[in-house]
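A.B. asks: One structure is given below, represented as structure tokens, and several questions about it will come after.
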Amino acid sequence: MTAPAFLNVERSATGRRWVGPGPEVERMGLAIAQAHELPEIVGRVLAARGVLPETAADYLNPTLRALMPDPSVLAGMDAAAERLAAAVTKGERIAVFGDYDVDGGASVALLCTWLGQLGRRATPYIPDRIDEGYGPNVPAMEALARDHDLILCVDCGTLSFEPVAAARAAGAEVIIADHHLAQEQLPDALAVVNPNRQDDGSDLGYLCAAGVVFLLLVATNRELRRQGWFGARAEPDLMALLDLVALATVADVAPLVGLNRALVRQGLAVLARRARPGLAALADVAGLRAPPTSRDLGFALGPRINAGGRVGKADLGQRLLTTADPHEAAALAEQLNRLNVERREIEAVVLEAAIAQVEAGDVSAPLVWAAGEGWHPGVVGIVASRLKDRFNRPAVVIGLAKNEGVGEGKGSGRSVPGVDLGSAVAALVRQGLLLKGGGHLMAAGLTVATGKLEEAMAALGELLAAQGAGQAGPSDLRLDGALAPGGATIDLVERLEAAGPFGPANPAPRLAFGSVRVTGVRMVGNGHCQLRLAGSGGPQLAAIAFRAADSGLAALFEAAAASRTPLHLAGRLEIDDWGGRRKPKLRVDDASPVV
């Protein structure tokens with residue numbers, strides 16, 4: 001039997017049904033709140049995430065001391081650490097091959113920074129998205145092997161059989177530190193450190209590549225310490241590198257559970273110190289006036305770094321994250337900011353066309369997908385993410401082109417919680433329906449022959465449906481509880497944020513505000529709407545609804561303000577630091593007339 005809609009909202013202004021916490025969550029939330037002297041709404045948020053009264057204290061204070069595993073639990077880790085330590089002590093020539101996204105750039109920066117602290121230099125290599133594509137390729141690996149003794153492939157390499165073999169034949173050894181799904185057979189590298197190897201029993205498959213690289217550095221530091229190599233040398237401060245790990249974890253949409261929560265929590269503290277010139281400069285051009293939050297990593301810093309690999313030069317992000325020169329950092333940050341504007345313009349065109357394609361078909365299918373000639377390969381992943389959010393389905397977006405006269409499409413997909421997209425894509429590669437493909441739980445890339453496009457997407461939809469894709473209604477909006485505008489205080493927002501960091505597998509609390517009056521409406525920016533909200537008593541609450549003109553919310557707000565008709569609103573609370581004065585603010589996701 002379906003539970004009653006929360007606040008009786010069966011269909012909101014954006015077409016969604018509001019779903020509130022069940023009675024068990026309410027009961028457990030009250031128990032947590034009473035046991036730990038927390039506001040009841042905070043207890044409810046914790047209960048909805050599976051926290052129990054006896055685990056709440058540890059959950060609210062995730063520490064590396066409590067959650068850090070022994071790196072040796074990862075298959076291949078000891079061999080990788082011993083080889084990297086040998087390269088350091090012997091002063092060997094080292095190259096680092098990384099992906100062109102934030103996770104790849106951060107992973108390269110981690111290794112280059114760590115080696116620099118040891119007085120060693122590494123050659124970073126980021127492939128061009130258009131000319132070389134994802135991952136190691138034979139010409140690049142052969143060229144690196146001719147001039148280096150050791151090549152580390154980070155955030156890539158798990159499926160790179162021929163490039164790894166080519167590097168070995170040219171005289172270099174290869175270590176892979178990755179997190180993408182693996183086949184039963186692995187490349188013939190000296191070590192493949194990947195928690196998503198089929199023979200890995202670490203239970204750390206939720207780590208991004210930067211998290212794996214961080215554990216590799218922990219293990220290598222330990223090996224160098226065991227050898228007594230540090231002696232009078234200063235041991236690298238690995239904790240100071242956690243800003244890179246936090247950035248990569250959030251930007252790569254890794255689940256914020258377990259060790260990832262501790263890595264991001266500590267990484268945000270490092271970010272707040274603004275010690276890394278590149279991230280400090282990028283925060284400035286992004287207009288971040290307060291210490292960054294996990295949301296800032298995902299929506300302000302991450303997209304700007306990715307813009308280099310998407311529509312600019314592939315190595316710009318890695319250079320920004322590695323440089324120690326504030327002047328170079330400022331110039332790179334400005335360049336990435338400009339490229340991000342260009343990326344948004346390209347994205348908007350592709351998104352409009354992709355939405356039209358999806359809505360012309362079956363939006364209730366387990367997979368939504370779109371393909372178009374000339375769609376820029378640098379934005380298809382972002383557009384897939386937008387489709388996933390809009391339709392609450394796994395989504396794939398493909399740019400079609402001709403490669404050596406043969407039609408093929410290169411695409412990217414994003415998934416919803418509980419549906420493993422990467423394994424489904426890998427299965428289609430084995431079946432011959434895709435030319436190439438791979439990824440992880442929440443994201444995947446693929447290459448498909450144009451003639452097999454329809455067949456491949458139909459087969460992918462069937463595999464995803466078997467995992468439960470398409471069963472959740474696109475209109476469900478899940479809420480953690482209700483609050484009055486006057487109850488939204490700085491103290492409450494800070495207590496809610498203590499349940500973070502928020503992201504995949506730990507979504508930010510979304511609250512309902514019932515029967516509020518809109519006392520002020522002002523359009524700002526590109527169709528955004530600033531609001532003032534009042535309840536039956538207490539102070540008013542500032543709010544903002546992004547893209548409200550496009551969603552139809554702006555018209556609803558203006559009509560409600562003019563007629564003084566109450567509305568139900570739903571959204572996420574945050575702290576607004578504009579002008580140096582901290583105040584609570586609601587980021588509105590949805591609204592409904594009071595029924």
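The values are calculated or read from the model by the stated rules, or taken from the named source; none is laboratory data. Every value quoted in this text rests on a predicted model; they were computed, and no experiment measured them. Ideal geometry is used to build each Cβ from the backbone, glycine not excepted, and the neighbour counts take in all protein chains shown.
Results for (1) assigned to a helix (DSSP H, G or I); (2) surrounded by fewer than 20 Cβ atoms within 10 Å (Cβ to Cβ); (3) under 26 Å from the mean Cα position of the chain (by Cα), shown as yes or no for each residue.
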| residue | (1), (2), (3) |
| --- | --- |
| Ala3 | no, yes, no |
| Thr14 | no, yes, yes |
| Arg27 | yes, yes, no |
| Leu30 | yes, yes, no |
| Arg65 | yes, yes, yes |
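A.B. asks: Taking the stated definitions as given, is Arg343 at pLDDT below 95 and closer than 26 Å to Arg274 by Cβ?
C.D. replies: Details: at pLDDT below 95: yes; closer than 26 Å to Arg274 by Cβ: yes.
Yes: the conditions hold for Arg343.
A.B. asks: When you go through (1) over 21 Å from the mean Cα position of the chain (by Cα); (2) surrounded by 19 or more Cβ atoms within 10 Å (Cβ to Cβ) one by one for Gly374, which number turns out not to apply?
C.D. replies: (2)
A.B. asks: Looking at segment 403-442, which of its residues are within 13 Å of Ala469 (Cβ to Cβ) and among the hydroxyl-bearing types (Ser, Thr, Tyr)?
C.D. replies: Passing the criteria: Ser415, Ser423.
A.B. asks: Give the residues of segment 365-384 that are touching a helix residue (DSSP H, G or I) at 6+ places or on another chain (Cβ under 9 Å) and part of a strand (DSSP E or B), sorted by residue number.
C.D. replies: Within segment 365-384, the subset touching a helix residue (DSSP H, G or I) at 6+ places or on another chain (Cβ under 9 Å) is 365-372, 375-384.
Within segment 365-384, Val368, Trp369, Ala370, Ala371, Gly372 meet the criteria.
A.B. asks: Continuing with this model, one more query. If the Cβ limit is 6 Å and pairs must be 6+ apart or interchain, which residue in segment 582-595 that is modelled with pLDDT under 95 pairs with which residue that is among the acidic types (Asp, Glu)?
C.D. replies: Lys583/Asp576
A.B. asks: Would you say Arg44 is under 25 Å from Asp389 (Cβ atoms) and in contact with a Pro (Cβ under 7 Å, 6 or more places away or on another chain)?
C.D. replies: Yes: the conditions hold for Arg44.
A.B. asks: Is it the case, given these coordinates, that Leu204 is assigned to a helix (DSSP H, G or I) and either farther than 30 Å from Ala232 by Cα or outside the structural domain of Val264 (by TED's automatic domain parsing) (or both)? So that I can check it myself, show each step before the final result.
C.D. replies: On the way: assigned to a helix (DSSP H, G or I): no; either farther than 30 Å from Ala232 by Cα or outside the structural domain of Val264 (by TED's automatic domain parsing) (or both): yes.
Against the criterion (assigned to a helix (DSSP H, G or I) and either farther than 30 Å from Ala232 by Cα or outside the structural domain of Val264 (by TED's automatic domain parsing) (or both)), Leu204 does not qualify.
A.B. asks: Listed residues Leu446, Leu400, Leu387; which is touching a residue at least 24 places away in the same chain (Cβ under 8 Å) and either closer than 30 Å to Pro21 by Cβ or part of a helix (DSSP H, G or I) (or both)?
C.D. replies: Working: Leu446 fails: either closer than 30 Å to Pro21 by Cβ or part of a helix (DSSP H, G or I) (or both); Leu400 fails: either closer than 30 Å to Pro21 by Cβ or part of a helix (DSSP H, G or I) (or both).
After ruling out the rest, the residue left standing is Leu387.
A.B. asks: Can you pull out the residues in segment 50-66 that are closer than 17 Å to Leu268 by Cα and among the aliphatic types (A, V, I, L, M)?
C.D. replies: Answer for segment 50-66, where residues must be closer than 17 Å to Leu268 by Cα and among the aliphatic types (A, V, I, L, M): Leu60, Leu64.
This table checks each residue for (1) touching a strand residue (DSSP E or B) at 6+ places or on another chain (Cβ under 8 Å); (2) on the phi < 0 side of the Ramachandran plot; (3) assigned to a loop (DSSP other than H, G, I, E, B); (4) among the charged types (D, E, K, R).
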{"position": "Leu321", "(1), (2), (3), (4)": "no, yes, no, no"}
{"position": "Ala333", "(1), (2), (3), (4)": "no, yes, no, no"}
{"position": "Glu347", "(1), (2), (3), (4)": "no, yes, no, yes"}
{"position": "Gln357", "(1), (2), (3), (4)": "yes, yes, no, no"}
{"position": "Val363", "(1), (2), (3), (4)": "no, yes, yes, no"}
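A.B. asks: Evaluate the following for Val88: is it farther than 15 Å from Ala177 by Cβ and in contact (Cβ under 8 Å) with a residue 60 or more places away in the chain? It would help to see each step written out before you state the result.
C.D. replies: Numbers: farther than 15 Å from Ala177 by Cβ: yes; in contact (Cβ under 8 Å) with a residue 60 or more places away in the chain: yes.
Yes, satisfied.
A.B. asks: From the residues in segment 517-564 that are β-branched (Val, Ile, Thr) and within 28 Å of the chain's Cα centre (by Cα), which one is modelled with the lowest pLDDT? Full working, then the answer.
C.D. replies: First pass over segment 517-564, keeping only residues β-branched (Val, Ile, Thr): 518-519, 521, 524, 544.
Next cut, within 28 Å of the chain's Cα centre (by Cα) only: 524, 544.
Values: Val524: 92, Ile544: 96.
Out of the qualifying residues, it is Val524.
A.B. asks: Next up: Taking the conditions exactly as written (surrounded by 15 or more Cβ atoms within 10 Å (Cβ to Cβ) and over 16 Å from the mean Cα position of the chain (by Cα)), does Ala290 satisfy them or not?
C.D. replies: Details: surrounded by 15 or more Cβ atoms within 10 Å (Cβ to Cβ): no; over 16 Å from the mean Cα position of the chain (by Cα): yes.
No.
A.B. asks: I'm checking my understanding of the structure. Among residues of segment 191-218 that are closer than 16 Å to Ala86 by Cα and either in contact with a strand residue (DSSP E or B) (Cβ under 9 Å, 6 or more places away or on another chain) or among the aromatic types (Phe, Trp, Tyr) (or both), which one is surrounded by the most Cβ atoms within 10 Å (Cβ to Cβ)? Walk me through how you get there before you give the answer.
C.D. replies: Step one: filter segment 191-218 for residues closer than 16 Å to Ala86 by Cα, giving 191, 216-218.
Going one step further and asking which of them are either in contact with a strand residue (DSSP E or B) (Cβ under 9 Å, 6 or more places away or on another chain) or among the aromatic types (Phe, Trp, Tyr) (or both), we end up with 191, 216.
Numbers: Ala191: 24, Leu216: 27.
Per the criteria, the residue is Leu216.
A.B. asks: If only one of Pro255, Pro236, Pro291 is in a loop (DSSP other than H, G, I, E, B), within 25 Å of Gln335 (Cβ to Cβ) and of a type outside the set (A, V, I, L, M, F, W, C), which one is it?
C.D. replies: Details: Pro255 fails: within 25 Å of Gln335 (Cβ to Cβ); Pro236 fails: within 25 Å of Gln335 (Cβ to Cβ).
Answer to the selection: Pro291.
A.B. asks: Please give the number of the condition Ala262 fails out of (1) outside any helix (DSSP H, G or I); (2) of a type outside the set (Val, Ile, Thr); (3) more than 20 Å from Asp155 (Cβ to Cβ).
C.D. replies: Here Ala262 clears every test but (1).
A.B. asks: Would you mention how many residues in segment 359-376 are under 20 Å from Thr447 (Cα atoms) and either free of Cβ contacts under 8 Å to residues at least 12 places away in the same chain or acidic (Asp, Glu) (or both)?
C.D. replies: Filtering segment 359-376 for residues under 20 Å from Thr447 (Cα atoms) gives 367-376.
From the residues that got through so far, the ones that are either free of Cβ contacts under 8 Å to residues at least 12 places away in the same chain or acidic (Asp, Glu) (or both) too are 373.
Qualifying residue count for the region: 1.
A.B. asks: Of (1) closer than 30 Å to Glu408 by Cβ; (2) touching a helix residue (DSSP H, G or I) at 6+ places or on another chain (Cβ under 7 Å); (3) surrounded by fewer than 17 Cβ atoms within 10 Å (Cβ to Cβ); (4) not aliphatic (A, V, I, L, M), Arg430 satisfies all except one. Which?
C.D. replies: Arg430 satisfies all of (1) closer than 30 Å to Glu408 by Cβ; (2) touching a helix residue (DSSP H, G or I) at 6+ places or on another chain (Cβ under 7 Å); (3) surrounded by fewer than 17 Cβ atoms within 10 Å (Cβ to Cβ); (4) not aliphatic (A, V, I, L, M) except (2).
A.B. asks: Now a separate question. Taking the condition farther than 24 Å from Ala499 by Cβ and either assigned to a loop (DSSP other than H, G, I, E, B) or among the charged types (D, E, K, R) (or both), does Glu558 pass? Steps first, answer last, please.
C.D. replies: Working: farther than 24 Å from Ala499 by Cβ: yes; either assigned to a loop (DSSP other than H, G, I, E, B) or among the charged types (D, E, K, R) (or both): yes.
Yes, satisfied.
A.B. asks: Quick check on my filter: what residues within segment 489-513 are without any contact (Cβ under 8 Å) to a residue 40 or more places away in the chain and within 23 Å of the chain's Cα centre (by Cα)?
C.D. replies: Looking only at segment 489-513, we keep the residues that are without any contact (Cβ under 8 Å) to a residue 40 or more places away in the chain, and these are 491, 507.
Of everything in segment 489-513, just one residue is without any contact (Cβ under 8 Å) to a residue 40 or more places away in the chain and within 23 Å of the chain's Cα centre (by Cα), namely Pro507.
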